[in-house]
1. Within the stretch 137-150, track down each residue that is more than 13 Å from the chain's Cα centre (by Cα) and surrounded by fewer than 18 Cβ atoms within 10 Å (Cβ to Cβ).
2. Quickly run through the stretch 21-36 and pick out the residues that are part of a helix (DSSP H, G or I) and more than 15 Å from residue 54 (Cβ to Cβ).
3. Within the stretch 1-17, track down each residue that is assigned to a helix (DSSP H, G or I) and at pLDDT below 90.
4. May I ask you to verify whether residue 84 is assigned to a loop (DSSP other than H, G, I, E, B), more than 28 Å from residue 19 (Cβ to Cβ) and in contact with a helix residue (DSSP H, G or I) (Cβ under 9 Å, 6 or more places away or on another chain)?
5. How many residues does the stretch 59-72 contain that are part of a helix (DSSP H, G or I) and under 30 Å from residue 5 (Cα atoms)?
């Protein structure tokens with residue numbers, strides 16, 4: 001087998017679209033706060049500020065990835081590397097199960113680890129790991145949104161390696 005059967009890098013045009021969406025939600029949040037005139041729904045200004053903060057932070061994360069040309073995801077004989085989670089490759093021997101979680105047509109790969117404490121994330125995704133675990137079940141959620149990777153290709157590579165280990 002080849003050394004790296006599946007890799008995905010950040011896609012500039014997909015990230016640009018996500019960034020434009022985040023900017024639109026920040027603008028909408030500012031409208032709701034009443035920054036450009038009377039708020040459309042008095043008493044809901046807090047929601048506007050929530051949108052500004054949430055989508056503003058998301059927009060910053062998108063901007064950071066826009067100029068990152070390194071691999072975001074790599075699936076090979078050593079295991080699975082997912083840069084938004086950690087700089088570590090999670091070896092196949094530590095991956096107990098792989099499931100798929102789907103929400104509004106968007107699929108994510110969910111890794112279930114034998115010992116999640118051995119592969120902690122110090123990144124933003126790790127800080128919301130508890131919410132992800134409660135929502136999708138599993139330890140490491142891998143999304144290919146904003147990358148040039150294809151979900152079916154990633155799953156086929158995972159299946160190939162899981163059968164051989």
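The values are calculated or read from the model by the stated rules, or taken from the named source; none is laboratory data. Note that the structure is predicted; figures quoted are calculated from it, not measured. Glycine also receives a Cβ, built like all others from the backbone with ideal geometry; neighbour counts cover every protein chain displayed.
1. 137, 148, 150
2. Scanning the stretch 21-36 gives a single hit, 31.
3. 12, 13, 14, 15
4. No, not satisfied.
5. 6
The rows are residues; the columns are (1) in a helix (DSSP H, G or I); (2) within 18 Å of the chain's Cα centre (by Cα); (3) surrounded by fewer than 17 Cβ atoms within 10 Å (Cβ to Cβ).
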position	(1), (2), (3)
38	no, no, yes
43	no, no, yes
55	yes, yes, no
74	no, yes, no
90	no, yes, no
121	no, yes, no
125	yes, yes, no
